1. Taking VAL609, is it in contact with a Lys or Arg (Cβ under 7 Å, 6 or more places away or on another chain) and of a type in the set (A, V, I, L, M)?
2. Could you tell me which residue of the range 421-438 is farthest from the ligand (Cβ to nearest atom), considering only residues that are modelled with pLDDT of 75 or more and in a loop (DSSP other than H, G, I, E, B)?
3. How many residues, within the range 380-398, are closer than 23 Å to ALA348 by Cβ and touching a Lys or Arg at 6+ places or on another chain (Cβ under 7 Å)?
4. Would you be able to tell me the number of residues in the range 253-273 that are assigned to a helix (DSSP H, G or I) and either surrounded by fewer than 16 Cβ atoms within 10 Å (Cβ to Cβ) or acidic (Asp, Glu) (or both)?
5. Check whether at least one residue in the range 151-169 is in contact with a Leu (Cβ under 6 Å, 6 or more places away or on another chain), surrounded by 24 or more Cβ atoms within 10 Å (Cβ to Cβ) and of a type in the set (Gly, Ala, Ser), and report yes or no.
6. Taking the stated definitions as given, is SER295 of a type in the set (Gly, Ala, Ser) and outside any strand (DSSP E or B)?
7. Hey, any hits in the range 99-121 for a residue that's part of a helix (DSSP H, G or I), within 16 Å of the ligand (Cβ to nearest atom) and not hydroxyl-bearing (Ser, Thr, Tyr)?
8. Looking only at the range 72-98, which residues are over 21 Å from GLU599 (Cβ atoms) and either assigned to a loop (DSSP other than H, G, I, E, B) or aliphatic (A, V, I, L, M) (or both)?
Amino acid sequence: MRRTTGACALFASAALLATTAISPTIAADRADPDSHHGGGHGGGHHGGGHHQPPQKTPTQVGYGGAVSTVDPEASRIALKVLRRGGNATDAAIAAAAALGVTEPYSAGIGGGGYIVRYDGRTGRVSTIDGRETAPAAMEHDAFIDPATGEPYPFTPELVTSGVSVGVPGTLATWDRALRRWGTHSLARALRPATRLARKGFVVDETFRKQTLDNAERFGAFTSTRDLYLPNGDAPKVGTKFRNPDLARTYRILARHGMKAFYRGPMAQEIVEAVQDPPKTDDTELPVPVGSMETSDLANYRALNRRPTKSSYRGHDVYGMAESSSGGTTIGEALNILEQFDVGSMSDADALHHYVEASALAFADRGAYVGDPSQVDVPVKDLLSDKFAKERACQIDPTQAQAKPVAEGDVSSYDGKCDGEAKPGVVDEDTENISTTNMTVSDRWGNVVEYTLTIEQTGGSGIVVPGRGFLLNNELTDFSTVYDPEDPNRIEPGKRPRSSMSPTIVLKHGKPFLALGTPGGSTIITTVLQMLFNRIDRDMTIEEAIAAPRAAQRNTTTVTSEPDFMDAYEEMLNEYGHTLRVSGDILTGSWQIGAATAIEFGRHGKMTAVAEPTRRGGGAALVVKPRR
Ligand code: GLU
C-alpha cells in the first residue's frame, strides 16, 4: 500500500520558520489588552470606532448548566438559551450558528462535523455524523491534474479549489439534532446568530491574523474578497464586522427550513461556486473545479451512529465512530496504555508510553479506518482488549520503537507477546488545523460535545456569492493518491476520514468529563493526552487542558509545542524519541488544538473549562455560580 507523507512534512520545516518569526508578535498582541478584536468589516459593512471585545473566561465553576467554546459571543448566546429554559442541544446549535458568524474560517453551514450527546434521562450516549461527502460524480483521479497527469500539488491547488469541496453537512446536523433532542425549532436556534451577523462582532487579533494569513486565497474570489478584504485589507482589530449576507441566509433558513439550503436557488448557487468558482481577474491561483451537482445536496443526510465505547481505568469513554477515526484511535490507545501502570511512573516513563501507544493506534487507524458505507472497519477488533494487549507488547519500556510502526493484524491476535516488530509506513496526513469545538451541559443532565469544521482555516476560500458563508475543503482529508487498498481512498459519495473526537466520559454511568478540540489529526492526540493528564497524571481538568502538548502520529518525530520541548525533550531523547516543534505554515501558530471541556462533580457541580491562552483563549460560562 502506498502512503506518502503529505502536507505534514511540509508544515514541519515551515513551522520552524513560522514559529521563530511569528511568536514575538503574537506574544506582544497577547499582552496588549486592546489587541483583541480589531476590525473592519467585510463587504463594506464597517462598524466605526474602537470597541472592546467581550471578556473571556477560561474557567467557571457552577450549577444548572455550563458552556465552553472558543468564543465569548457564542458562549454568551448558549448561556442565554440555557438560562431561558433551553436544553444543551438548543444551546449548542445556537452557539454553533454564532460560531458561523464569529469563527467563519473554522465553522459554518458550508462545512461539517460530529455531535456526541449524553441523555440525562436515559443515560444513553448517541451521536450524529454530519461529515461532508464526496459528490456522486467524483472520480478516483479527481486529484490528478489532467494537464500533467500528476497529482495536484496540495497547496495551493487542492486547498483552494472546487474539487475539494464536500457536500456540506452542518445544517443537516443542526436540523437532526434539534429534531431528536432539542426543544427549539431551527428558526429559533438561528435567531441570536442572525442578530449577531447583522449587528456585528468586535474583530480580534486572531480574526484579523487568520484573514491576513489567507489574503492571497481570499483575494482570489470576488465574493470572498468583498466580504473579508473589503478595502484590500483585513478587518481591523477593535472594529465591528458585520455579515448581512449571512444574516439574510440564516433568515431564509429560519423561514423555510433546511430544504432552502439543500434544494432550490441556494443549492444551485453552491453548485455554481464549486463548478465555476467566482475567481477574480488578477488571481494566479489555479483553482481546480469540482463536480458537485444539486442532486448531491438534495441527497445529503446527517446520520445517527452508535458511539464507540472503551473502558479505561473505571471510566467509560464514548467517542465518535467512523467516518471519524477519533473514537477508535483514542479508544485503542487508551486500551494499550491500560496495560501499563502509567500512574505510578515518572513523567518521562509515562510520556514515553503515551507517545508509543499513540503511534501504534495511528498505524491501525491508517490501515483500517474509513467511511463505513464503503469500508469494512474492524471496530470490535480495534477496540478489543486482547488486541490492545498484543499491540502493547511492541512497547519497550526503555526504548522508542522505530517509526513508523506497522499496523497490527486484526484477523489474528491472541493477546500474547510473540510477534516481531515490523517496519510500517507513514500514513499520508493532509488534515489541517482549523475547526472548532464546544461543550454544553444543562440542568437536566444532558451533555453535548460538538466538533465542527470547514477543514482548514478559511476552508476552500470560496464564499458562496451573496450568501455570506465559506465552503469547506474537507475532501482534502481523503488520501490524495488513489490506492484501492487504502480505507481512506477517494470514492464517489464517500465521507473522508476525520479525526474529530468529541468525547464523553462516564464514571459509574454518570457524566464525568466531556471534551474535544480542533487540530486535524492532532485532535486525537490532544484528546488522548488530556484524558491521560486528567486520569493518570493527577492533574485537574484546567491543568490537563493547559499542559503543553505533543502528538505522535506514527511519524519519525514527535510534534511538540515549544513548552513541551523545553520540559521534556531531553528526557525523551534518552529513549530515542526525536521531537520537533509544532506549527503550521498557514497559520504560523505553534500551538496544538483549542480545547473545551466540562467536568462534572458531586451535587450537580460543573467545571467549564476553555483554553487559557491557545488561539487567544476561550470562553467558559456557567448558568449559576452557586447551587
Ligand atoms: N478536517 C479535519 C478532520 O476532519 C479537521 C480539521 C481541523 O481540525 O482543522 O479531522
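The values are calculated or read from the model by the stated rules, or taken from the named source; none is laboratory data. On a predicted model such as this, the values are computed, not experimentally measured, just so you know. With ideal geometry, Cβ positions are generated from the backbone for all residues, glycine too; neighbour counts draw on all protein chains shown.
1. no
2. Here the residue is LYS422.
3. 0
4. Qualifying residue count for the region: 7.
5. Yes, that holds for at least one residue.
6. Judged against the criteria, SER295 is a match.
7. Yes, the range 99-121 contains at least one residue that is part of a helix (DSSP H, G or I), within 16 Å of the ligand (Cβ to nearest atom) and not hydroxyl-bearing (Ser, Thr, Tyr).
8. ILE77, VAL81, ARG84, GLY85, GLY86, ILE93, ALA94, ALA96, ALA97, ALA98
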